[in-house]
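Just below is one structure, and these are the notes that go with it.
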Amino acid sequence: MTYSSKIIKIIKNRSDIGAGTRGADLGIDALEIAAIVKDNHFFNDHPFEDVPTHNESIYNKDKNSFAKRIGHVLEQCTRVAKTIERNVKQGFFPLLLSGDHSAALGTVSGLKAAYPSKRIGVVWIDAHADLHSPHTSPSGNIHGMPLAAALNDDNLDCQINEPLPETLLYWNGMKNIGIEGAKILPEDLIYFGVRDTEEPEDRQIAKLGIRNYMVHELRYRGINTCMQEAIQKLVPCDIIYISFDVDSMDCDMISHGTGTPVPKGFDQYEVIGIINALIDTQKVACIEFVEINPLLDTKGNKMAETAFEVLNEITKTLKKSFF
């Protein structure tokens, strides 16, 4: 894969319909404000595209209690997938800024549609495993389900719900966005910072053998050692997709400006180190930032300011890798 002709394109997906709380759709605006406050011209320096959204669907009565607003989430993920596929084929490097994390299914599905014969490695920097399906989810919030759909694995061994036939019809649609079936293999998925999970996810992680570099391990063993190990695990993959959920960062140290804040997470410099090490492999094909919620930020715009610091630094590394 060559990067010499790549141009970064910012894809803005202002949708939060897969989340349990409203406000992540404003995360992109909060990032732009953070750049303005720093007198940084980041958002003027790159071409961009807005993905159409259907956020008004949050007002609809929803009968899919084990997968809330799933019809509209399917619609939004499909829009994201088509946007990613088209931009990749046009030679752009998609730098996706999304609302809630359900959009990641659209991203990885779009990458797979653009590269159907390539093996995709996924690095999931997050406090949560996002491995639920409508059969196992305790909340019905679809931002906790994108990896189950990408893996095409419902974890029926841990079933606690009986979804409606209509829900399952939409869910099957989600698992087949872009191309039919699984988009990634479990051995090509690596977690960083996952520390807030439910039993069905814990059992799935163990069954599938998914590697999770927890915060304390990264600090004890050192980021360089862990990254060398993770990169070696991804050697069979042709391309890498990085999904960065800001709740992977320590909510007490950084900010509670995200839908599901969790303490004892990374700081921004550790996240920058993880992402930059992956960029240096020359395999990264797409990076996504999700779950900035300024409505929940009790420190002004602190979460977006910190996320922008990460965004700005890793973009510098990306540009160096292109030339």
- Task: Quickly run through region 128-163 and pick out the residues that are small (Gly, Ala, Ser) and over 19 Å from His72 (Cα atoms).
- Result: Ala129
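Per-residue answers, yes or no, for (1) part of a helix (DSSP H, G or I); (2) touching a residue at least 40 places away in the same chain (Cβ under 8 Å); (3) not hydrophobic (A, V, I, L, M, F, W, C):
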{"residue": "Leu169", "(1), (2), (3)": "yes, no, no"}
{"residue": "Gly173", "(1), (2), (3)": "yes, yes, yes"}
{"residue": "Ile179", "(1), (2), (3)": "no, yes, no"}
{"residue": "Ile190", "(1), (2), (3)": "no, yes, no"}
- Message: When you scan region 147-157, do you find a residue that is touching a residue at least 40 places away in the same chain (Cβ under 8 Å) and closer than 27 Å to Leu318 by Cα, even just one?
- Response: yes
- Message: Please go through region 223-265 and give me each residue that is surrounded by 24 or more Cβ atoms within 10 Å (Cβ to Cβ) and assigned to a helix (DSSP H, G or I), ordered by number.
- Response: Val246, Asp247, Ser248
- Query: For Lys89, are the conditions met, namely being of a type outside the set (A, V, I, L, M) and surrounded by fewer than 21 Cβ atoms within 10 Å (Cβ to Cβ)?
  - Reply: yes
- Check off (1) within 28 Å of Ser139 (Cα to Cα); (2) modelled with pLDDT under 95; (3) of a type in the set (Gly, Ala, Ser) for Gly265 and give me the number that stays unchecked. (2)
- Select from region 210-264 the residues that are polar (S, T, N, Q), out of contact with any strand residue (DSSP E or B) (no Cβ under 6 Å at 6 or more places or on another chain) and under 30 Å from Gly20 (Cα atoms) and list them in ascending order. Ser255, Thr258, Thr260
- Applying the selection to region 37-68, what residues are over 24 Å from Phe92 (Cβ atoms) and either at pLDDT 95 or above or over 24 Å from the mean Cα position of the chain (by Cα) (or both)? Val37, Lys38, Asp39, Tyr59, Asn60, Lys61, Asp62, Lys63
- Item | Every residue from region 195-212 that is more than 18 Å from Pro263 (Cβ to Cβ), surrounded by 15 or more Cβ atoms within 10 Å (Cβ to Cβ) and not charged (D, E, K, R) | Pro200, Gln204, Ile205, Leu208, Ile210
- Message: Based on this model, can you work out whether Ser102 counts as surrounded by 22 or more Cβ atoms within 10 Å (Cβ to Cβ), among the polar types (S, T, N, Q) and either under 19 Å from Val80 (Cα atoms) or over 16 Å from the mean Cα position of the chain (by Cα) (or both)?
- Response: yes
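For (1) touching a Gly at 6+ places or on another chain (Cβ under 8 Å); (2) not in a helix (DSSP H, G or I), each residue gets a yes or a no:
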position: Ala149; (1), (2): no, no
position: Asn161; (1), (2): no, yes
position: Arg195; (1), (2): yes, yes
position: Tyr220; (1), (2): no, no
- How many residues are part of a loop (DSSP other than H, G, I, E, B), touching a residue at least 60 places away in the same chain (Cβ under 8 Å) and closer than 22 Å to Leu234 by Cβ when one looks only at region 277-323? 2
- Note on the structure: Of those in region 103-127 that are assigned to a loop (DSSP other than H, G, I, E, B) and touching a Ser or Thr at 6+ places or on another chain (Cβ under 8 Å), the residue farthest from Lys233 (Cα to Cα) is Ala127
- Task: Filter region 8-23 down to the residues that are at pLDDT 95 or above and of a type in the set (A, V, I, L, M, F, W, C), then identify the one that is surrounded by the fewest Cβ atoms within 10 Å (Cβ to Cβ).
- Result: Ile8
- Item | Single residue of Lys302, Lys233, Lys207 found to be closer than 23 Å to Leu96 by Cβ and basic (Lys, Arg) | Lys302
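The values are calculated or read from the model by the stated rules, or taken from the named source; none is laboratory data. None of the values given here were measured: they were computed from a predicted structure. Because the Cβ atoms are built from the backbone with ideal geometry, glycine has one as well, and the counts that use them run over all protein chains shown.
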